[in-house]
Amino acid sequence: MPLITAPVITPEQPPVEVPPPIEFPEIGYASITYIDPAGNRWPMTDLTADWYTLAEGVSGLGAAKYTITADPHPRGGARLRHAQPQPRTIVWPLLVKGSDHLKFTANWRALGRAFTSTLRVGPGGRRTPGTLEVARPDGTVRWIAVYYYDGWDGLGQTATGITWDSAVLTLWCEDPYWVDAVPVSVHRETGTQSDYLVPYPTVSSSQVLGATTLENPGDVEEWPSWVVTGPASKITFTREDTVDDGVDASASFSLDMAKTPHGPLLTGQTVTISTDPPRVRSGTGENLIGGLNWPEAELWSLPPGQTSVTFQLDGAGPGSAVDLTFHPRYETA
């Protein structure tokens, strides 16, 4: 029984007010907002506000930096063996002012707290990064997770620190890539099962096989999450690749629900498979990672461009479905 190919259109989100665009080095015109760990939005390009970014001096919004590992070549030069993306550093000059000294002081303290709070350990013993959000005039939005590194110091010059001052922030990014704010969502589900005797003897397999093509519009590989809705007893996802020399380079993983404490998925029950970090959870939070076919399991990534993949759900029936979700990542803002 083939899968019905039906991409899901992500519903439109309520519009979020963004500051007017201004010109930035490396990226051109954009509206930029900082979102602190508490979810408060701080406009960075509203020149009428009490704080705004000084575009001259901004850096670190371009392509990621890489560390190259190479091997000497006997005929001279070297051959690239590995390229490792490095954490990104963003330099962010910011002017803060106020109608009087008390108002300026309140703004200065609030903004400093909004950035430095990214280093505070919160509930669960984890630090929560802030988000630098870049909106283009065409409505597209990319963001990057940032931590405060240093720079929340005033100029220390005469007349500063009374009703205005500026700071040159350095923001540190674990992941150097910019993330699309709109996720790519793909939905595949079973077709209508056939009755054995209507209109003539027909066989409907208990295995649902689906070959399809997925597209990653980003610049770099992405590690997707999968949600499988039952019924299903065994799940197999295969990425079909062939390298240039013709050697098969396909990668796959299987989740045998019968080998988990949960047992086979019943109608409406779900299991979520995350590829980075590897994680398998039932809809009720059970850890089912032991059901993967270790050590052969390869929780594969999705490279840029189009990739042929195959879904297989053993024990599938009406309601069986696969949902894939990921946020494309890009080199630049």
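The values are calculated or read from the model by the stated rules, or taken from the named source; none is laboratory data. This structure is a prediction, so every number in the text was calculated from the model and none was measured. Cβ: placed from backbone, ideal geometry, glycine included. Neighbour counts: every protein chain shown.
Things worth noting here:
- Unmet criterion (only one of (1) under 16 Å from G98 (Cβ atoms); (2) exposed (fewer than 15 other Cβ atoms within 10 Å of the Cβ); (3) touching a residue at least 24 places away in the same chain (Cβ under 8 Å)) for E174: (1)
- Reported count of residues in the stretch 118-168, each being in a loop (DSSP other than H, G, I, E, B) and among the β-branched types (V, I, T), is 6.
So that you can scan it fast, the table gives a plain yes or no per residue for (1) under 18 Å from G210 (Cβ atoms); (2) surrounded by 12 or more Cβ atoms within 10 Å (Cβ to Cβ); (3) at pLDDT below 95:
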position	(1), (2), (3)
F237	yes, yes, yes
D245	no, no, yes
S252	yes, yes, yes
T260	no, yes, yes
E286	no, yes, yes
I289	no, yes, yes
W294	no, no, yes
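- Within the stretch 132-157, the residues that satisfy the criterion of being of a type in the set (D, E), more than 14 Å from the chain's Cα centre (by Cα) and either at pLDDT below 95 or within 12 Å of T33 (Cα to Cα) (or both) are D138, D153.
- Count of residues meeting criterion [of a type in the set (A, V, I, L, M, F, W, C) and within 26 Å of the chain's Cα centre (by Cα)] in the stretch 36-73: 8
- Condition broken by L266, with the remaining ones in (1) farther than 30 Å from E133 by Cα; (2) touching a strand residue (DSSP E or B) at 6+ places or on another chain (Cβ under 8 Å) satisfied: (2)
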